[in-house]
Amino acid sequence: MTRVPFARTSPEIVRRMLSLAGAGEEDLVLDLGSGSGSILVEAAKDFGSRAYGIEIDPVLVRLGIEKVKSKGLGNRIKIVRGDFLTAPMPKATIVTLYLLPDANALLARRLLHELPNAKVVAHQFPIPGWKPLEVEEYKGIKLYLYEPRISAEVDRNRR
């Protein structure tokens with residue numbers, strides 16, 4: 001079971017993350033460790049994307065589902081309770097992470113094998129061993145954009 005402390009992401013940072021990944025109507029945004037669903041709601045409401053969250057904490061899952069219902073976005077967002085290292089992942093085009101470096105490192109192989117062409121945006125903590133396509137600093141927060149098949153391959157070739 002993978003536990004990561006809950007830390008809320010500000011609406012401004014959420015928008016920057018989704019913009020950096022180029023989120024739009026054709027995308028399925030997967031938020032691993034989705035907390036109370038803020039990234040999911042923003043992706044659906046302001047970017048027109050479909051969204052899917054995996055969260056291990058049952059209280060946060062319940063809060064996220066309530067938030068989705070209150071915004072009338074139940075047809076665009078799904079939140080499931082599970083461990084993001086083992087729960088089934090949909091074929092997302094964008095993955096968002098606000099996880100600690102150890103969790104990012106554990107996810108790297110899974111993302112490479114299951115979602116090699118997805119855009120991955122990591123908030124504040126890079127994915128160890130991957131070379132970002134882009135790094136953006138916004139109000140003192142670093143955002144890292146990756147594409148697993150490129151980011152992991154570039155790092156492998158550097159060695």
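The values are calculated or read from the model by the stated rules, or taken from the named source; none is laboratory data. Since the model is a prediction, treat every value here as computed from it, not as a measurement. Neighbour counts run over all protein chains shown; Cβ positions are idealised from the backbone, glycine included.
Would you confirm, using the coordinates I've provided, whether Ile39 is within 18 Å of Leu143 (Cα to Cα), of a type in the set (Val, Ile, Thr) and out of contact with any Pro (no Cβ under 9 Å at 6 or more places or on another chain)?
When the stated conditions are applied, Ile39 passes them.
Pairs under 6 Å by beta carbon, first residue modelled with pLDDT of 95 or more in the range 111-123, partner basic (Lys, Arg), six or more apart or different chains?
That search, which allows pairs on different chains as well, returns Pro116/Arg149.
May I ask you to verify whether Glu153 is among the acidic types (Asp, Glu) and at pLDDT below 95?
Details: among the acidic types (Asp, Glu): yes; at pLDDT below 95: yes.
For Glu153, the condition - among the acidic types (Asp, Glu) and at pLDDT below 95 - is met.
Within the range 118-155, which residues are of a type in the set (A, V, I, L, M, F, W, C), over 12 Å from Tyr98 (Cβ atoms) and part of a loop (DSSP other than H, G, I, E, B)?
Ala118, Ile127, Trp130, Leu133, listed by residue number.
Given the criterion in contact with a helix residue (DSSP H, G or I) (Cβ under 8 Å, 6 or more places away or on another chain), touching a residue at least 12 places away in the same chain (Cβ under 8 Å) and of a type in the set (Ser, Thr, Tyr), identify the matching residue among Tyr144, Tyr138. Before the answer, list the steps.
Details: Tyr144 fails: in contact with a helix residue (DSSP H, G or I) (Cβ under 8 Å, 6 or more places away or on another chain).
It is Tyr138.
From (1) more than 16 Å from Ser34 (Cα to Cα); (2) touching a strand residue (DSSP E or B) at 6+ places or on another chain (Cβ under 7 Å); (3) of a type in the set (D, E, K, R), pick out the condition that doesn't hold for Arg109.
Arg109 satisfies every listed condition except (2).
List pairs: first in the range 40-53 and at pLDDT below 95 and among the polar types (S, T, N, Q), second surrounded by 23 or more Cβ atoms within 10 Å (Cβ to Cβ) and not in a helix (DSSP H, G or I), Cβ under 7 Å, 6+ apart or cross-chain?
Once the first residue is at pLDDT below 95 and among the polar types (S, T, N, Q) and sits in the range 40-53, no partner that is surrounded by 23 or more Cβ atoms within 10 Å (Cβ to Cβ) and not in a helix (DSSP H, G or I) comes close enough.
What number of residues in the range 117-152 are of a type in the set (Asp, Glu) and exposed (fewer than 15 other Cβ atoms within 10 Å of the Cβ)?
2
Inside the range 39-70, can you point out the residues that are among the polar types (S, T, N, Q) and in contact with an Asp or Glu (Cβ under 9 Å, 6 or more places away or on another chain)?
Filtering the range 39-70 down to residues among the polar types (S, T, N, Q) leaves 49, 70.
Of everything in the range 39-70, just one residue is among the polar types (S, T, N, Q) and in contact with an Asp or Glu (Cβ under 9 Å, 6 or more places away or on another chain), namely Ser49.
Confirm whether Asp46 is over 24 Å from Ser19 (Cα atoms) and among the charged types (D, E, K, R).
Values: over 24 Å from Ser19 (Cα atoms): no; among the charged types (D, E, K, R): yes.
The answer is no for Asp46.
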